[in-house]
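> Handing you this structure, nothing more for now.
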Amino acid sequence: MENYQKYLDPTVLARLEGLRLGARRSVEGYVSGVHHSSDRGMSIEFAEHRDYAPGDDLRYLDWKVFGRTDKYYLKQFEEETNLVCYVLLDVSRGMDYQSAAAPCSKLDYARRLAATLCYLVLRQQDSVSLVTFDEAVAARLAPSGNPSHLKQILQVMDEASPTRETAMAAVFHELAERFKRRGIVVVVSDLLDDPNAMLGGLAHFRHRRHEVILLHVADPAEIEFPFDEMTRFVGLEGESPILADPRALRKAYRRQFAQFVRRVQQGCREHQMDYALTRTDRTVDAALSEVLGRRRAVVRSS
């Protein structure tokens, strides 16, 4: 109960009422649900015909087609299935950053974002898996649609300790091979790693036919660089401290940050992945409403 109150705000959940995470493309599943399956079955919605073969169930012969063509064709249908969502939470040392004006650290915000998303997926009776990672996979929970799964998810999040560096590409390549069921991969991270290598890892998920949503968690100070006095900047992942006048660096820093974001956005467009920059001074429901609302609009138009 303590973890629930720490990461799930009832007010936030109330504002997200009615929102759901939908799949843009066909997904695989094993329980009847609301998402189109990639498998052809014998239920719900007509998909296509195929030639009759000896041993096929005669109940699904299309007699109207037989009357027109004098040939036997079987009706095939699209099954409805449940979705699996893989939530990948970055718990590396850099996620522990919190500027003076920020309400929480990047890691705490990412936990709330991930916890809320897991709650929404379970509420819509779909399955969710949580993976925490830094330079390697730290913890991994198998997908489950059981509502009691949320308690285990929150416990794993709470136990995560930001003590190691980031190596996203290797982690993504490993997980892409380990995730057997196609679904939606949601990465919650500050993305402070080599963008080309990271995007290559994310592309591996796309190659395995997963959908990908990238939630870029950033402290407002990382975006705006508001420092005015001579400042000693200390890297959280082993970088050497730097004493500098931020006023002389601000323009160049903001330009570099904007270039980094554009590079990630470009890579996401190329691989048909969703990207959203989520500031830690923004409410979790506002961030998720924007992402899920945008996806819902695309699904409806497709």
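> All but one of (1) of a type in the set (Gly, Ala, Ser); (2) out of contact with any helix residue (DSSP H, G or I) (no Cβ under 8 Å at 6 or more places or on another chain); (3) part of a helix (DSSP H, G or I) hold for Ala197; state the number of the condition that does not hold.
Only one criterion in (1) of a type in the set (Gly, Ala, Ser); (2) out of contact with any helix residue (DSSP H, G or I) (no Cβ under 8 Å at 6 or more places or on another chain); (3) part of a helix (DSSP H, G or I) is unmet by Ala197, namely (2).
> Condition first: farther than 15 Å from Ala142 by Cβ and without any contact (Cβ under 8 Å) to a residue 40 or more places away in the chain. Now tell me which residues in the stretch 173-195 satisfy that.
His173, Glu174, Ala176, Glu177, Asp193, Asp194
> Might you check whether a residue that is over 19 Å from Gly183 (Cα atoms), assigned by TED's automatic domain parsing to the domain that holds Glu222 and of a type in the set (A, V, I, L, M, F, W, C) occurs anywhere in the stretch 67-86?
Looking through the stretch 67-86, none of the residues is over 19 Å from Gly183 (Cα atoms), assigned by TED's automatic domain parsing to the domain that holds Glu222 and of a type in the set (A, V, I, L, M, F, W, C).
Residue-wise test of (1) crowded, with 20+ Cβ neighbours inside 10 Å; (2) outside the structural domain of Ala167 (by TED's automatic domain parsing); (3) in contact (Cβ under 8 Å) with a residue 60 or more places away in the chain; (4) not in a strand (DSSP E or B).
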{"residue": "Gln98", "(1), (2), (3), (4)": "no, no, yes, yes"}
{"residue": "Ala101", "(1), (2), (3), (4)": "no, no, yes, yes"}
{"residue": "Tyr109", "(1), (2), (3), (4)": "yes, no, yes, yes"}
{"residue": "Val131", "(1), (2), (3), (4)": "yes, no, no, no"}
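> Moving on to the next point. Is it the case that Val188 is hydrophobic (A, V, I, L, M, F, W, C), surrounded by 15 or more Cβ atoms within 10 Å (Cβ to Cβ), under 10 Å from Val91 (Cα atoms) and touching an Asp or Glu at 6+ places or on another chain (Cβ under 8 Å)?
yes
> Which is farther than 16 Å from Phe227 by Cα and free of Cβ contacts under 8 Å to residues at least 12 places away in the same chain, of Gln266, Gln272?
None of the others qualify; the one that does is Gln266.
> Now a separate question. How many of the residues making up the stretch 258-283 are part of a helix (DSSP H, G or I) and either among the basic types (Lys, Arg) or out of contact with any Phe, Trp or Tyr (no Cβ under 8 Å at 6 or more places or on another chain) (or both)?
So the answer is 10.
> Additional query: Pick from Glu165, Glu159, Glu135: which is in the same structural domain as Arg181 (by TED's automatic domain parsing), in contact with a Gly (Cβ under 9 Å, 6 or more places away or on another chain), acidic (Asp, Glu) and surrounded by fewer than 19 Cβ atoms within 10 Å (Cβ to Cβ)?
From the options Glu165, Glu159, Glu135, the qualifying one is Glu165.
> Let me ask something else about it. When you scan the stretch 242-254, do you find a residue that is within 30 Å of Leu117 (Cβ to Cβ), surrounded by 12 or more Cβ atoms within 10 Å (Cβ to Cβ) and within 29 Å of the chain's Cα centre (by Cα), even just one?
Yes, the conditions are met somewhere in the stretch 242-254.
The values are calculated or read from the model by the stated rules, or taken from the named source; none is laboratory data. Here the structure is a predicted model, which is why all the values come from computation and not from measurement. Cβ: placed from backbone, ideal geometry, glycine included. Neighbour counts: every protein chain shown.
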